[in-house]
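Derivation of every value follows stated rules applied to the coordinates shown; laboratory data play no part. This one's a predicted model, so the numbers in the text were calculated from it and none came from an experiment. All Cβ positions, glycine included, derive from the backbone under ideal geometry; neighbour counts span all protein chains shown.
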């Protein structure tokens with residue numbers, strides 16, 4: 001494809017969807033991608049840019065001159081995407097790009113959007129929307145919409161404001177079409193509109209849109225003036241990212257790991273948790289070392305070290321992730337903390353009893369040593385209760401301290417459970433063997 | 001609130017959003033919920049029912065008579081939600097309910113939808129949509145839309161079909177409004193429409209809608225006739241559910257755990273993985289038992305059992321979940337399997353070297369025994385390489401065998417890695433101590 005002539009390539013690209021072009025470019029080298037990219041016309045080029053993953057986009061923008069970025073992309077983009085692109089630029093380039101934008105209104109919108117915190121509703125909203133006044137008629141509305149609609153890709157809802165720009169309600173295109181052209185907007189709009197504040201946190205926006213199945217939600221300022229809208233695609237991305245974050249936490253990976261990452265990026269993401277694992281292992285060695293006498297006298301005690309450690313780890317992770325999930329799905333209010341704890345304690349008691357009995361039966365028939373049989377069963381029972389307790393309470397405490405409770409599902413708690421488990425096991429083993 | 005009079009309650013409910021009523025009902029007992037529920041009028045009642053979590057809904061429907069279900073909910077529901085509700089009923093109740101539905105068209109739609117597989121596009125689509133013919137003019141269209149729009153909650157796109165009902169393209173309401181009423185549809189519709197087949201799998205539908213940021217996607221049959229549409233809210237739910245499934249897999253929980261679950265449901269979800277952990281622990285005990293001589297001669301060998309097992313488990317889970325995530329995000333084509341393996345091997349070699357050196361330094365300064373120091377370091381090196389290798393290849397193999405690769409992140413592989421790690425450690429330890 002590379003060696004074909006320009007026109008053919010250009011023709012081909014025109015037929016492709018921006019998301020597909022971005023995918024093709026991801027397969028190519030930087031130079032090839034740049035070559036192809038420069039063949040695109042403005043609107044397409046900006047659409048493709050939005051589809052490129054953030055890390056690659058940053059690298060890509062570095063090789064392009066500021067006035068080119070301004071004229072070729074920013075002018076064609078929706079304000080929210082444009083603000084994202086501009087925010088990713090280095091400070092000096094950012095200024096240059098902003099000054100190169102010819103469309104003053106667009107430049108103003110971008111500057112406005114950059115003011116908001118990145119993870120607030122203001123930070124993710126777009127300024128493009130269709131607004132009508134309560135006093136207009138359907139006919140005026142239709143005319144205004146044709147004028148405004150040029151800037152907006154998709155009209156999901158038409159927002160209705162009063163003379164002070166305060167949001168009064170929404171109007172569906174459907175209603176507009178179904179009504180007589182002389183009807184006043186104030187008679188047909190729906191005043192029951194869900195809205196969020198510019199400072200509302202991203203999580204909450206996603207929750208509201210998901211709960212009420214909204215395609216788009218309007219964003220207002222402190223005094224209720226319409227400032228922008230957030231669309232469903234931002235929410236899908238957010239839901240996906242959040243889930244990925246929790247997933248990576250529980251599997252012991254820090255930060256964003258993307259399929260195209262370099263070796264050292266992967267190493268950096270995996271290193272911290274492994275280091276905790278190593279330190280935990282060393283502490284485990286110290287615990288075992290302090291009970292050297294018992295271990296050397298009764299070698300069989302060592303046989304069940306992996307079992308105790310594994311069960312402690314598994315139970316702990318299960319408990320934490322159930323709590324983390326219930327926090328994440330926003331149902332914290334439905335079940336009270338105490339009810340949650342009582343349920344978890346019942347589950348822990350049952351689990352502990354079942355597995356203590358199972359391992360007792362196994363050891364009773366395979367090990368000659370009754371001291372060992374009792375030590376392992378009793379330890380396992382206590383260890384499971386402990387691990388459940390830690391696993392449940394620590395995420396709840398983290399959540400109350402406004403720390404991401406998903407931290408508790410990571411190797412940190414597992415490691416802690418391992419060590420506590422070993423300690424309990426050795427103490428109980430020692431008791432049994434010294435006692436008899 | 002319970003003791004207040006009916007009218008006041010009814011008034012209050014009318015002002016609440018269905019999703020909010022469902023949330024309130026979740027807090028109440030079954031009888032209270034039922035009492036409130038029966039106060040709702042038909043349309044609201046059906047909207048609330050859709051918002052109730054599936055398990056609760058099933059229980060709830062059991063206490064209501066079939067003709068009541070038919071007349072009070074099904075008639076007011078979108079066909080996709082109605083089909084979901086009907087599918088959840090017991091077979092005999094299902095038939096009765098279907099026969100009680102007075103709106104024959106609705107009953108037919110539901111029966112049609114029940115034919116499709118649950119996780120195919122056909123199984124999640126709704127039959128309600130706005131269709132226009134290519135030969136119509138904008139004016140005819142507007143009239144037709146007013147007629148059809150009554151059934152459809154939200155018009156996202158207007159689908160354009162030919163005389164044989166084959167899907168030709170889409171038309172946005174925006175375009176319709178902006179054009180002259182005499183314009184023919186064939187001149188203004190957009191023929192470049194993304195569509196899926198009724199048999200397309202749910203995952204793929206979600207991927208396509210997400211990639212192209214679609215609010216809704218049309219579903220066609222084998223010969224291209226328009227059959228239904230899938231909307232963005234189904235995709236958000238799907239993305240969330242898939243993420244939850246992977247998350248539960250990696251944390252060792254089987255099946256759906258919902259915050260309101262009973263103790264025995266929680267126990268059942270956690271039991272299988274813990275049982276695997278127990279069996280793994282027993283196998284670990286057997287492995288250690290078969291090296292009893294070495295362990296009793298050199299007790300210090302036992303000290304590092306937790307370290308080896310923990311590192312093997314952590315590295316394995318990290319590797320698997322990176323692979324699982326890259327498969328889930330659908331980028332399998334971008335990096336070839338061999339490239340992925342080479343990268344993973346580099347990461348593994350680096351990780352193994354770093355941690356082997358770290359533990360060597362630690363042991364060199366704290367343990368007097370050089371044999372032990374070497375055994376631990378060399379074992380750790382080999383164990384990390386092994387665990388990375390298993391962690392990477394097993395999900396890839398599962399994926400090729402069309403088994404959910406997320407299985408590999410569960411305790412099964414962790415347990416296997418633990419045991420292999422122990423075996424390697426003991427073999428190397430024995431070699432060192434016998435050799436010298």
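Quick notes on this one:
- Peptide-level mean, for B:206-219, of C-beta atoms on other protein chains within 10 Å: 3
- By the count of neighbouring beta-carbon atoms within 10 Å, fewest first, B:132, B:111, B:24 end up ordered B:111, B:24, B:132.
- Using the rule -39500 (n - 2.57) for each DSSP H run of four or more residues, divided by the residues of chain B, the 222 nm mean residue ellipticity is -21000 deg cm²/dmol.
- Whole-angstrom gap from segment B:179-211 to segment A:7-23, using each part's C-alpha centre: 19 Å
- Quotient of C-alpha Rg and 2.2 N^0.38 Å, computed over segment A:131-240: 1.08
- Across the identical copies, how the residue A:225 labels are spaced - nm, sorted shortest first, 7 Å along Cα→Cβ: 5.6
- In terms of its Cα atoms, segment B:252-435 spans 52, 44, 26 Å along the principal axes, sorted from long to short.
- Folded to 0 to 90 degrees: helix A:370-400 orientation relative to chain A principal axis, Cα: 30 degrees
- Degrees, to the nearest 10: B:411-435 long Cα axis against longest axis of chain B: 10 degrees
- Sorted by Cβ neighbour density within 10 Å, fewest at the top, the residues A:247, B:156: B:156, A:247
- Averaged over A:170-178, number of beta-carbon atoms from partner chains that fall within 10 Å: 5
- Segment B:44-106 and segment B:120-149: distance between their alpha carbon centers, rounded to Å: 25 Å
- Between helix A:202-211 and chain A there is an angle of about 80 degrees, using the helix long axis and the longest principal axis of the Cα atoms.
- The distance separating the Cα centre of segment A:337-367 from that of segment B:338-398 comes to 34 Å.
- For residue A:434, inter-copy separations between label points set 7 Å beyond Cα along the Cβ vector come to 3.6 nm, shortest first.
- Sequence-distant contacts, meaning Cα pairs under 8 Å at least 6 residues apart, place the relative contact order of chain B at 11 percent.
- Taking A:357, A:305, B:359, A:69 and counting other C-beta atoms within 10 Å, the order from fewest to most: A:357, A:69, B:359, A:305
- Between this copy and the others, label points of residue A:279 are 3.6 nm apart in ascending order, each placed 7 angstrom from Cα in the Cβ direction.
- In terms of its C-alpha gyration tensor, the protein assembly as shown has a prolate overall shape, because the principal axis ratio a/c (a ≥ b ≥ c, square roots of the eigenvalues) is not below 1.5 and a/b outweighs b/c.
- Counting only other chain Cβ atoms within 10 Å of each residue's Cβ, the peptide A:316-322 averages 6.
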